[in-house]
Every structure is written in structure tokens, then in C-alpha cells.
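Every number here is computed from the coordinates shown, using simple stated rules; none is lab data. Note that the coordinates shown come from a computational prediction; the quantities given were computed from them, not determined experimentally. Note: ideal-geometry Cβ built from the backbone for every residue, glycine included; neighbour counts use all protein chains shown.
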Amino acid sequence: MLRLFLLFGGLLTLGLIVWHIGPGNIYDAAAQLGPVALLVMLIPSAIMYAIEAYGWKLTLGTSAKEIPFWRVLAIRTAGEAVNMTTPAGYVGGEPLKADLLRKHHVPMEEAFTSVIIAKTTMTIAEVLFILLGIALWVWLLGGSESSSQTLPTALLSVGLLALVTAGLVFVQRQGLFTWLLDFLRRIGLKIAYLEAREERLRSLDRAVWEFYRHKRPAFCASTGLFFLGWIAEALEVYVIIWYLGGPAMALSAISIGALSVFIKSSTFFIPGSLGAQDGGNLLLLNAFGYSDVTGITFALLRRFRELVWIGIGLLCLALFGGRQREFRKVAQTTQAMVPNTFSLPPLDSAEVACTPVLRKAHFWQRNARVSLNERQRNMLNRVLDGFKGNLTAGKWAVIAKCSIPTAQRDIKELIDQGLLVRNEGESENTSYSIAAQ
């Protein structure tokens, strides 16, 4: 009910703004733009999506090498389309991204870890971008009345956002899901779905902690790329203002772009930030000396860009869904046509063994849903590719750059899951090999 009320209020606000400025005036300003101009206006956002997709790819670990960049871009575009169309704090599409990664043979643990880390680095970059925008705003507008009235509120809001982000990083390092489970238990609330998956959640916490501990360069690089993505949004502001005939200045465009992001983030509870985002963009451009017509036309053109990318994202989502349905249809048809006595060859059969690539694909196809950490996945890939000599805990520790107890724990988990077996007839320097499946 509240969502409908906020949606209706946003539509009413936008309608009143358009009516006040005059639909004819807005039409005249927009009519000057042709199809070429509209396409050019989409280039900065395309750059932004590509940069941010690469920023996310850096958090994927070993799986990033196996997934083409265009697929990561398509998955992120689909997830962002859901984020923009659901009033869930712009996080509604994050589980979708992880689920789509899992369908491309990325382990659940690694998929969710990358989504959590990428959302964190994007938020940190967003806070830095907003702080840059506020600094430029104060410098460019000086001591104007509008600046002096709204600056304290803006700084307080950004300070709270930065504090929440820092707290989120701290909690992630301590164990986000473990903390959540403990908190719920303390207040006497037990959620069966979470309780049944406690061990997986704790494993996910360990994976996130391992990322923060061992992959700081990737964390910093991802943050830097997301910051460049936000700068690309400022490029979009510059291009739109230039096409609308207003004097376009780079520093003003950065400030407007950053403050526009701030307005959108602050009004996440309104579906699509409808009305609030548009009115905020109008006031922003007014503050920088642009007319009402330019301001509202600018806001509506940005809405046009959002609609285009929502459409592209939903198309990507439909293609992913259609592909999965096609796979299921083929599998069902094959199962119906082939007698039950026929099955895929076992992993250690001569035909599969003589083809390492097929053997590896066969193995991961059968174990796509098994939860593995990055070390385990790396080492299994090495063995499947043709490991020279016997695999021992000592070699595991050297190659994976971990302690021998950690290597032994990794191996034990794989044995318990039926992926590794201990070679018989060895008392010292116990070795292991891939289990027959």
C-alpha cells in the first residue's frame, strides 16, 4: 500500500512540474534533438556499464577467467534493471546476479562473495563521487543562498552514508551472516530457511573475509573502476546539457552528476525515485543557472536513458531465462527418447579420460552445485588439467599459498563431498586423486 502511495505521489509531483513549466515548452526543447543526439547521449552510460562490469569482474576470482566479459556485462545489466524497478534499496537485483553466475558454473560461495564485494566497492566509490560533487558545488557556487542552506544537510547525509558503508565493511570482515544469525537468536527469532543453511552462510562469511585479507589490490582496483564509472555518468550530464544548448562545463557536470546520484540514493524508498529525482535535477540545474525548461528536459532525458537500459536489461534477463528453459527442454526430450539403461559415461571411463577437456567439463557439470572455496576450485582445476606427480597436502599448501592444516582441511572437505579420494597403499606422504563419478 505504501509503495502505491509513494508511486502515485511521485507521478503527481512529476505531472505538476511538467504542467507548471509547460508541456509545449518542454516539447520544443526536446524536438531540437534528433535520433543521432539521443544515441550519442546513450554512449556515456554504455561506457559506465562496461567499466562497472569490469569492476565487478575483478571480484570474481578464478571464475573470472572462465566467463567472457560480455556475459558478465549482460548479467550485471539484467541485475541493474531489477534494481531500478524495485524499491528495495537498489539491492533487489543482487541475488539475481549471483543466481545467473551460478547457472554459468560459478560456485554459490564465489558468486555471492563477488556480489557482496562489488556492491561494497561501488558504494564506497559512490560516496567518494558525492563528496567530490559537494566540494565542487561549494567551490563553484561559493556562498550563494542555496548553497548555504542545503550544504549542512547534504554533508550530514553523506556522512551518515559513509558511516553506514564503513560499518558494512567492518561487519563483513567480522562475519555478516554469522552476526545476523546470532542477532536473530538473541532476540528469540529463528528463521528456518537461514538456520538450515547456517554452515553455508558461515562458509560465505569465511570467503568474504578471505577476499578482504588476501585480495586488497583487487578490492582497491574494483573501487577505482566503479569511481570511473560514476565519472562517466558526469560525462552524460555534460553531453545532455551541451545538446540542450546550455553552456556545458566539465566541473559543473561532475558536481551535477554527483548530486543527482545523491538525490537518487536518498530517495530509494520511492519506486524509481519518481518525482523526487526529477524535481531534484530541476533544482540542481536551477542552482547552476540553467532555466526551468532546460532543467526538466534534462531530467526527462535521463529518464529516457533509464528506460532504455531497463529494456536492455530485461531483454538480457529474458535471453538468460529462455536459454535455461531451452536447456531443460533438450534435457527432458533426450531423457524421454533414450532408455534408462543408457547414461553418461563415468568420469574414469577410457573415452572421457583420453579427452582432458571433456573430462573436466564432465566433472564440473556433475558438481556445479557443490560449494567450494577458491583454493579448492583452483586445485581441482589443476588436477583435472593434468597434475604432474601425486597431489599431497604439502604440495597443496605450496601451490595454494596456505598452511598445511588449511590444506588438510580443504582436502578433508573435498573427500567428505566425494570429490577426492585417498590413494590406497600409502602410509607416508599420503596422496589424493579425483574420485570416480
Practice task
Find how much the distance from residue 403 to residue 319 grows on full extension, using 0.36 nm per residue of separation minus their present alpha carbon separation; answer in nm with one decimal.
Solution key: 25.9 nm
Completion exercise
Quick calc: nm separation of the 7 Å Cα→Cβ label points for residue 4 and residue 85 -> 2.0
Exercise for the section: For residue 214 and residue 40, compute 0.36 nm times the residue count separating them, minus their Cα-Cα distance, and round to one decimal in nm. Expected result: 58.5 nm
Problem - For residue 368, net neighbour charge (Lys/Arg +1, Asp/Glu -1) across residues whose Cβ lies under 10 Å away - result: +4
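So if each residue of separation counts as 0.36 nm, and I subtract the Cα-Cα distance between residue 180 and residue 28, what length gain in nm does that give?
49.3 nm
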Problem - Where labels lie 7 Å past Cα in the beta-carbon direction, separation of residue 187 and residue 67 in nm - result: 3.2
Practice task
For an R0 of 60 angstrom, estimate the FRET efficiency from the Cβ-Cβ distance between residue 283 and residue 417 and round to the nearest 0.05.
Solution key: 0.55
